Amino acid sequence: MTGTTTAAEVDVAIVGGGLVGASLAVALGPLGLRVALVEGVAPEAASQPSFDDRTTALGNGTRRVFESLGLWATLAPQAAPIRRIHVSDAGRFGFARLEAAEHGIEAFGYVITNRVIGAALRERLATLPQLELRMPARVAAVETSGDASMLAVEPGRALRARLVVAADGAHSLVRSASGLGARVEDYGQVALVAHVRAAQPGDGTAYERFTPDGPIAVLPLHDGALGVVWTLAPAEADRVMALDDRSYLAALQQAVSWRAGRFLQVGRRNAYPLRLTRALETVAPRTVLVGNAAQGLHPVAGQGFNLGLRDAATLADVLAEHLGRGARDCGAPEVLQEFAARRRSDRDGVTRFTDGLVKLFGDGRPGFGVARDLGLLLFDLSPTAKAALSRISWGFAGRAPRLARGIGLGS
Ligand SMILES: Cc1cc2nc3c(=O)[nH]c(=O)nc-3n(C[C@H](O)[C@H](O)[C@H](O)COP(=O)(O)OP(=O)(O)OC[C@H]3O[C@@H](n4cnc5c(N)ncnc54)[C@H](O)[C@@H]3O)c2cc1C
């Protein structure tokens, strides 16, 4: 690798400054480590892939992490609480309702635009004295040997890092460079995302409607508009993307029914092909995978970022404990093992739950629809099942990182 003699030395190099990588850099702020964050796209670029017009439903565990990081006060005014969830099966009789108040919580989650989260994260990154921010710059190659990894960065000096964090998304270069395999399953679905205005503003209800093509989510936004994630088969998605606004609104109205009100206006539409990408392992020598680099999920249950943030919060926790024991080497084998062990059950649980939901509601075999509807009705009648589901917003299983329990890492 060229330029290695002049490489900048860091404890942790984070590759990818999307939602998860940027959150990790903020979480590591109080630890006094030399951290470099390399992000390929400039912050103001319209094409920034992580901080785009998508809306993300932040669970209660995520809200707690952002509170611990001192970011929630900035985000809260632009976050719409989900106070109730309405689940239905298009063209069938089954439905279920969940009320946050019945579970003693203010909301199941908070819907916010990715761009808003991105702006808050980047504003904070600019204030971190020990962070070497390389943006826009791309990591072009990674080589690991013994006690460090060398990263070729274009443009700029190479980095020599004790620990490399792959936060570079589902097509992770770091994952491939470290020899970690991934299982990729194409769902044969495309999510069309748009903001829509209805005759009445949203009332805090999130609608999840399952159709033979895939789920449609209609989420409340802080300004009274609605965030729509409409999943379709690829050819149908192409057709709907090409519709003019009026025809799109009419088609959406038909797919969602009138429950969420009469749709009047739609903003820009974006399309995301959906795959399950799951790394076979989350660690390799000197390397940790977080966020979509570790697992890219279907958005049906709104879990991808929430899970990825718990990866970041757990890694920060493990490193804080490691430093607390007087150790310095952030890429030591015990750090990697501890991280992988603490993330296993949450990661497996959320991935299986999300994938299972896509397949259960996508199964068109005779008899499945009726069984599903009975399941939804039973679910609607069962406080225990509802309580179990409402707990997912706190994290799925395993030990919650300190940041998700409201404990700062600098204290
Ligand atoms: C339609 C849709 C709706 C969703 N809704 C929700 C939701 O409601 N709730 C939820 O929790 N999740 C949701 N998700 C999932 C969530 O968006 C992702 O989990 C999240 O974006 C993952 O963030 P990330 O930082 O891991 O990866 P990414 O967002 O993919 O970011 C990776 C970053 O790495 C950079 N990068 C890549 N390669 C390099 C390189 N070589 N060098 C430097 N930089 C590089 C990229 O520029 C990018 O900024 C949704 C996803 C979709 C598609």
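The values are calculated or read from the model by the stated rules, or taken from the named source; none is laboratory data. If you're wondering where the values come from, they're calculated on a predicted model, not measured in any experiment. Because the Cβ atoms are built from the backbone with ideal geometry, glycine has one as well, and the counts that use them run over all protein chains shown.
Would you kindly identify the helices (runs of 4 or more DSSP H) lying entirely within region 317-409 that contain at least 1 residues that are at pLDDT 70 or above?
In region 317-409, 333-362 are the helices (runs of 4 or more DSSP H) which contain 1 or more residues that are at pLDDT 70 or above.
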Within region 267-281, which residues are in contact with an Asp or Glu (Cβ under 7 Å, 6 or more places away or on another chain), surrounded by 14 or more Cβ atoms within 10 Å (Cβ to Cβ) and not hydrophobic (A, V, I, L, M, F, W, C)? Arg275
Regarding region 156-167, can at least one residue be identified that is modelled with pLDDT under 95 and either more than 16 Å from the ligand (Cβ to nearest atom) or polar (S, T, N, Q) (or both)? no
Please specify each residue of region 82-103 satisfying the condition of being within 30 Å of Val190 (Cβ to Cβ) and either free of Cβ contacts under 8 Å to residues at least 12 places away in the same chain or surrounded by fewer than 18 Cβ atoms within 10 Å (Cβ to Cβ) (or both). His86, Ala90, Gly91, Arg92, Phe93, Phe95, Arg97
Among (1) touching a residue at least 40 places away in the same chain (Cβ under 8 Å); (2) closer than 28 Å to Leu173 by Cα, which single condition is Arg63 missing? (2)
Regarding Ala120, is this residue farther than 19 Å from Phe66 by Cα, in contact (Cβ under 8 Å) with a residue 40 or more places away in the chain and more than 13 Å from the ligand (Cβ to nearest atom)? no
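Mind checking which residues of region 241-260 are surrounded by 20 or more Cβ atoms within 10 Å (Cβ to Cβ) and either within 16 Å of the ligand (Cβ to nearest atom) or of a type outside the set (Ser, Thr, Tyr) (or both)? Give the steps one after another, and end with the answer.
Taking region 241-260 as the starting set, the residues that turn out to be surrounded by 20 or more Cβ atoms within 10 Å (Cβ to Cβ) are 248-249, 252, 256, 260.
Within region 241-260, Leu249, Leu252, Val256, Ala260 qualify.
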Give me the pairs: first residue in region 37-49 and closer than 14 Å to Gly21 by Cα and near the ligand (Cβ under 9 Å from one of its atoms), second residue at pLDDT below 90 and not aromatic (Phe, Trp, Tyr), beta-carbon distance under 6 Å, and six or more apart or on different chains, which are they? Val41/Gln48
Leading residue by the ranking (farthest from the ligand (Cβ to nearest atom)) among those in region 282-306 that are in a helix (DSSP H, G or I) and in contact with an Asp or Glu (Cβ under 7 Å, 6 or more places away or on another chain): Ala293
For region 177-223, the count of residues that are assigned to a loop (DSSP other than H, G, I, E, B), within 16 Å of the ligand (Cβ to nearest atom) and charged (D, E, K, R) equals 1
What residue, of Pro136, Pro77, is surrounded by fewer than 18 Cβ atoms within 10 Å (Cβ to Cβ), away from the ligand (no atom under 14 Å from the Cβ), over 20 Å from the mean Cα position of the chain (by Cα) and in contact (Cβ under 8 Å) with a residue 40 or more places away in the chain? Pro77
